[in-house]
Amino acid sequence: MAEDLKAGFTGSPPDKPEGMLHAARVAGEAVKRETNALVSGAGEHPRTATSLVLGIGTMAFALGYLVGRSSAERNYNYWR
């Protein structure tokens, strides 16, 4: 009885992935390659990587501040 039990999938699919599954797999492999390249580059040049991260963070903060400041309501009613 135990030999006849086929629980779970232990093989590989007979057909190659195609369509969206193939595109997702290719995209996932590309992301892994680029992430590994980024990590190895940052490991070889830590000061440059730190400078880039701080620079991008500063620019993002400044842009967010300016967008938030410009979209704020301009209500100039003062108590007199």
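The values are calculated or read from the model by the stated rules, or taken from the named source; none is laboratory data. Everything numeric here is computed off the predicted structure, so don't read it as measured data. Glycine also receives a Cβ, built like all others from the backbone with ideal geometry; neighbour counts cover every protein chain displayed.
Computed values, structure above
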| item | result |
| --- | --- |
| Residue among ARG69, ARG25, ARG80, ARG47 that is of a type in the set (D, E, K, R) and at pLDDT below 70 | ARG80 |
| Matching option when the condition is modelled with pLDDT under 95 and under 17 Å from the mean Cα position of the chain (by Cα), among ALA2, ALA37 | ALA37 |
| Residue check for GLY55: at pLDDT 95 or above and out of contact with any Lys or Arg (no Cβ under 6 Å at 6 or more places or on another chain) | yes |
